[in-house]
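Please read the structure below before turning to the comments.
Nothing in this text is a laboratory measurement; each read-out follows from the coordinates by a stated rule. Here the structure is a predicted model, which is why all the values come from computation and not from measurement. Counting neighbours? That spans all protein chains shown, and the Cβs are built from the backbone with ideal geometry, glycine included.
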C-alpha cells in the first residue's frame with residue numbers, strides 16, 4: 001500500500017472502465033449518505049420510506065434526490081492491529097474477521113491490512129475466503145500502533161481501487177495510536193475530503209495497561225472516527241464477544257439506507273459543510289440516524305503524513 005496521495009473530489013459514481021473493470025469518478029454536487037437508523041433501544045429500523053427522512057446541510061433543508069434501502073455490495077478494508085500487545089488476541093480476531101466476511105454480502109470485495117509501526121496491504125481486494133485467511137495469517141505482533149497512518153492509506157487505496165461505490169473500513173485494535181505521522185484530526189479530515197469511507201471499529205480495551213488513561217484516549221479516537229463517518233464503535237468486555245460484534249457490524253452495514261441529494265450550495269463554494277439527517281415515523285418513538293457529520297466539497301491536494309508499505 002503506497003503512501004497517501006492527494007485526495008480526489010467528492011461523491012463516487014461508478015462507470016464502466018476498460019476490460020469490464022470499474023473506476024470511480026466524483027460529482028462534487030451530489031452527496032450520498034449511508035445511514036443507519038435505530039430506535040431508543042438500539043434496534044435497527046429497516047422499514048422506513050423516503051418521506052420519513054429530512055436532510056439539512058449547514059441548517060438548510062435539502063431535497064432528497066435518491067433513496068434506496070437494500071443490501072448494497074461494498075468494498076471493505078479490514079485493518080487489524082499487529083502490534084506486540086495483540087499477540088494473544090490474533091487468533092480470535094482473525095476468526096471474527098473471517099466470520100464477518102462470511103456474514104456479509106457475497107458480492108463484497110475485501111482487503112486485509114495488518115498494521116503495527118507500518119501498514120501492510122496483505123491481500124488484493126477479493127471475495128476469496130482462502131485469500132483473506134492467508135492475509136490474516138501474516139502475524140508478526142511487534143512494534144507500535146500506527147493506526148491513523150493505516151486508516152489514511154486504506155482510505156486512499158479504496159478511493160483509487162474499489163469497484164464498489166460504498167466503502168467501509170473496519171478497525172480492530174487494542175490500544176491507542178503511538179506511531180503515526182498523522183494526527184487524529186488529519187485522519188478525519190482526509191476521510192472527509194475523500195467523501196468516505198464509513199469507519200467501524202472494535203476496540204479491545206478490556207485489559208488496558210495504562211490504568212485507564214490510555215484506554216480512554218483510544219476509545220475517544222475510535223469513537224470519533226466512527227461518529228464522524230457514520231459508522232459504529234464497539235468495545236467488548238472480553239475477547240469472547242468479538243465474534244458476535246463482528247456479526248453485528250455485518251448486519252449494520254447490510255441494513256443501511258442510501259440517501260442522495262444535490263447540495264443547494266454552489267459546487268465552487270469551499271469550506272466544511274455539516275450534515276444532519278432526521279427520521280420520523282408513526283409508532284416508532286424517537287429514532288436516531290447515524291451517518292457522516294459533514295464533508296468538504298473539494299479535496300485537499302496536500303498529502304498527509306503517513307507510513308505504509310505494499311504487501312509483503
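In whole angstrom, and with the biggest value first, how far do the Cα coordinates of region 186-298 range along each principal axis?
Result, largest extent first: 50, 40, 22 Å.
What distance in nm lies between label points placed 7 Å from Cα along the C-beta direction at residue 274 and residue 237?
Once both label points are built, they end up 3.6 nm from each other.
Just the projected area, averaged over all directions, of the convex hull on the alpha carbon atoms of region 53-141: how many nm²? Don't jump to the answer; show the numbers that get you there.
Values: hull surface 34.0 nm².
Orientation-averaged projected area of the Cα hull: 8.5 nm².
Using the count of nearby Cβ atoms within 10 Å as a rough guide to exposure, how do 88, 124 rank from fewest to most?
88, 124
Return the percentage of antiparallel bridges among DSSP beta bridges fully within region 75-254, rounded to the nearest 5 %. Please list the in-between numbers first.
Working: 4 of 25 bridges.
Once the DSSP bridges in region 75-254 are tallied, antiparallel ones form about 15 percent.
Does region 118-206 come out rounded, prolate or oblate, given a ≥ b ≥ c as the square roots of the eigenvalues of its C-alpha gyration tensor, rounded meaning a/c under 1.5 and, failing that, prolate meaning a/b above b/c?
Numbers: a/c = 1.72, a/b = 1.02, b/c = 1.68.
In terms of gyration-tensor shape, oblate.
Which residues among region 239-271 fall inside the zone where the amide N is under 19 Å from a point 7 Å beyond the Cα of residue 43, along Cα→Cβ?
Residues 248-249, 251-257 fall inside that zone.
Report, in cubic angstrom per residue, the convex hull volume of the C-alpha atoms of region 75-254.
Spread over its residues, the Cα hull of region 75-254 gives 96 Å³ apiece.
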